[in-house]
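Encoded as structure tokens, the structure appears first; notes follow it.
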Amino acid sequence: MTMKSTLLAAAAAMAAMAFSATLAFAQDTIKIGVIASFSGPFADYGKSMEGGIKAYMAQHGSSVAGKKIEVIYKDTTGPSPEIAKRLAQELVVRDKVDFLAGFGLTPEALAVAPIAEQAKKPMIIMNAATSIITTKSDYIARFSMTLPQVSAPMGSWALKNNIRKVVTVVADYGPGIDAEKAFAERLTKGGGSVTEAIRVPLRNPDFAPYIQRIKDAKPDAVFVFVPAGEQSIAFMKGYRERGLAEAGIKVIATGDLTDDHVLPAMGDATLGVITTFHYSAAHKSPENDAFLKSFAAANPAGGRPNFMAVAAYDGMAAIYQVSNKLGGKIDGDKAMAVLKGMKLNSPRGPIMIDPATRDIVQTVYVRKVEKVGNEPYNVEFDKFTDQKDPGK
Ligand code: PHB
């Protein structure tokens with residue numbers, strides 16, 4: 001061999017070694033691409049999910065079936081379908097992820113569904129709650145809730161508590177329209193009526209004029225769905241400032257309004273608000289105690305975990321179970337077979353993935369905001385067990 005060919009052979013051998021090392025590394029890793037908003041007005045959504053994921057991994061370790069779990073976070077900056085879609089394509093093509101996960105906002109989930117379908121990647125929904133989402137790909141499983149699932153029980157509760165004349169206020173997009181419809185259907189079936197149905201824009205709504213309209217309509221109650229976070233704070237501020245409570249108008253809502261993450265900052269205006277929802281940080285169970293503990297340890301500045309944190313935690317539990325069952329070799333169709341019918345003891349209570357719809361079946365609790373110690377909490381006092389998405 002000449003000097004040159006020896007060098008070339010050595011270089012080729014080194015390249016081969018480097019290649020097999022990357023391959024071995026890739027095969028030793030299960031990758032999860034998390035798509036959510038980590039900046040802008042919905043930044044808390046991504047952060048809550050990341051907090052739940054970290055809590056799960058702190059408690060259960062960062063490897064499964066001999067493989068290391070790698071989580072890649074991608075920021076959509078808000079309800080931007082184009083960005084969500086591009087990020088999903090990158091995760092599938094470049095990062096070669098095994099799972100797509102996250103999705104705080106419905107537009108993100110709807111934009112990514114066709115990519116999950118085409119790439120046969122299990123897509124684990126950790127919040128996005130418009131009913132129709134799970135019908136958009138056979139590779140979607142939802143670990144959060146649907147708006148009809150949590151809104152219809154409020155219709156029943158209202159009737160039982162002599163609330164008959166209601167004004168509804170919802171964010172004007174998928175989950176809001178779902179909430180408005182499911183609540184109104186249940187209420188009117190029992191003899192109640194929606195005297196006005198108000199829809200507010202998803203981006204930067206000014207609640208003041210709507211709140212005046214509610215006051216003028218003099219209903220028994222106002223039923224509210226707005227996306228958790230800044231908008232819940234803005235609505236409750238307007239409610240307090242315009243004296244709706246003094247006018248005898250009650251607030252009933254889905255638990256997005258009294259999101260645990262922002263509730264402590266919302267002040268006493270929320271005391272007495274009744275909501276229906278799938279998770280409260282005040283839920284009493286050993287599973288929730290363990291979750292609260294690991295969330296606090298893994299997120300020292302994370303505040304109180306909310307429903308998105310718990311759905312992310314459960315979504316991770318599902319990914320770990322699938323990975324274990326498949327011996328670390330993730331195949332989209334086999335993963336979906338494991339997810340269908342999966343049962344977990346969630347911090348919120350028992351949950352199940354309906355094998356027919358891949359949507360979640362769970363208990364919906366009725367809660368009232370009350371002070372526990374010095375802080376407001378959503379205290380559960382009644383429940384509707386085994387709730388499916390009512391449209392399915
Ligand atoms: C959604 O976009 O599906 C969504 C966002 C915030 C919520 C609930 C649902 O609080």
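The values are calculated or read from the model by the stated rules, or taken from the named source; none is laboratory data. Because the structure is predicted, anything quoted here is derived from the model rather than measured. Cβ coordinates were reconstructed from backbone atoms using ideal geometry, including for glycine residues, and neighbour counts include every protein chain displayed. Heavy atoms of the whole protein, side chains included, go into the accessibility calculation; ligands, DNA and RNA do not. Shrake-Rupley method; radii C 1.70, N 1.55, O 1.52, S 1.80 Å.
Tabulated data for the structure shown
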quantity	calculated
Helices (runs of 4 or more DSSP H) completely within region 160-260 that count 1 or more residues being within 16 Å of the ligand (Cβ to nearest atom), out of contact with any Lys or Arg (no Cβ under 6 Å at 6 or more places or on another chain) and of a type outside the set (Phe, Trp, Tyr)	174-189, 230-241
Total residues in region 54-94, condition in a loop (DSSP other than H, G, I, E, B) and free of Cβ contacts under 8 Å to residues at least 12 places away in the same chain	3
Some residue of region 349-372 being open to solvent by 50 Å² or more (accessible area, probe 1.4 Å) and in a helix (DSSP H, G or I)	no
Every residue from region 34-62 that is hydrophobic (A, V, I, L, M, F, W, C) and out of contact with any strand residue (DSSP E or B) (no Cβ under 9 Å at 6 or more places or on another chain)	Ala55, Ala58
Selection count, region 133-147, where residues are in contact with a Gly (Cβ under 9 Å, 6 or more places away or on another chain), more than 11 Å from the ligand (Cβ to nearest atom) and open to solvent by less than 10 Å² (accessible area, probe 1.4 Å)	2
Breaking point among (1) among the β-branched types (Val, Ile, Thr); (2) in the same structural domain as Ile133 (by TED's automatic domain parsing); (3) over 17 Å from Thr146 (Cβ atoms), for Val369	(2)
Criterion violated by Thr130 - all others in (1) among the hydroxyl-bearing types (Ser, Thr, Tyr); (2) open to solvent by 50 Å² or more (accessible area, probe 1.4 Å); (3) within 16 Å of the ligand (Cβ to nearest atom) satisfied	(2)
Ala152 in contact with a Ser or Thr (Cβ under 9 Å, 6 or more places away or on another chain), open to solvent by less than 10 Å² (accessible area, probe 1.4 Å), within 15 Å of the ligand (Cβ to nearest atom) and of a type in the set (A, V, I, L, M, F, W, C)	no
Pairs where the first residue, in region 100-119, is part of a helix (DSSP H, G or I) and the second is polar (S, T, N, Q) and within 13 Å of the ligand (Cβ to nearest atom), C-beta under 6 Å, 6+ apart	Thr106/Thr130; Glu108/Thr76
Qualifying residue in region 228-251 (condition: within 18 Å of Tyr45 (Cα to Cα) and modelled with pLDDT of 95 or more)	no
Residue check, Glu50 in the same structural domain as Val310 (by TED's automatic domain parsing), assigned to a helix (DSSP H, G or I) and open to solvent by 40 Å² or more (accessible area, probe 1.4 Å)	yes
Residue in region 66-88 that is closer than 20 Å to Thr135 by Cα, away from the ligand (no atom under 15 Å from the Cβ) and either surrounded by 16 or more Cβ atoms within 10 Å (Cβ to Cβ) or basic (Lys, Arg) (or both) present	yes
Scan of region 107-126 for residues that are within 13 Å of the ligand (Cβ to nearest atom), open to solvent by 10 Å² or more (accessible area, probe 1.4 Å) and not aliphatic (A, V, I, L, M), ordered by number	Pro107
All positions within region 283-299 that are open to solvent by 20 Å² or more (accessible area, probe 1.4 Å) and hydrophobic (A, V, I, L, M, F, W, C)	Ala290, Leu292, Ala296, Ala297, Ala298
Region 141-161 residues that are more than 20 Å from Glu380 (Cβ to Cβ), paired with ones that are assigned to a helix (DSSP H, G or I) and hydroxyl-bearing (Ser, Thr, Tyr) (beta carbon under 7 Å, 6 or more apart)	Arg142/Thr134; Pro148/Ser131
Of all residues in region 301-339 being over 29 Å from Pro227 (Cβ atoms) and assigned to a loop (DSSP other than H, G, I, E, B), the one that is nearest to the ligand (Cβ to nearest atom)	Ile330
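Per-residue answers, yes or no, for (1) modelled with pLDDT of 95 or more; (2) of a type in the set (A, V, I, L, M, F, W, C); (3) out of contact with any strand residue (DSSP E or B) (no Cβ under 8 Å at 6 or more places or on another chain):
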residue	(1), (2), (3)
Lys85	yes, no, yes
Ala101	yes, yes, no
Glu117	yes, no, yes
Lys120	yes, no, yes
Met126	yes, yes, no
Asp138	yes, no, yes
Ser144	yes, no, no
Ser156	yes, no, no
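Here is a yes/no grid of residues against (1) touching a helix residue (DSSP H, G or I) at 6+ places or on another chain (Cβ under 6 Å); (2) surrounded by fewer than 23 Cβ atoms within 10 Å (Cβ to Cβ):
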| residue | (1), (2) |
| --- | --- |
| Ser193 | no, yes |
| Thr258 | yes, no |
| Ala269 | yes, yes |
| Ala301 | no, yes |
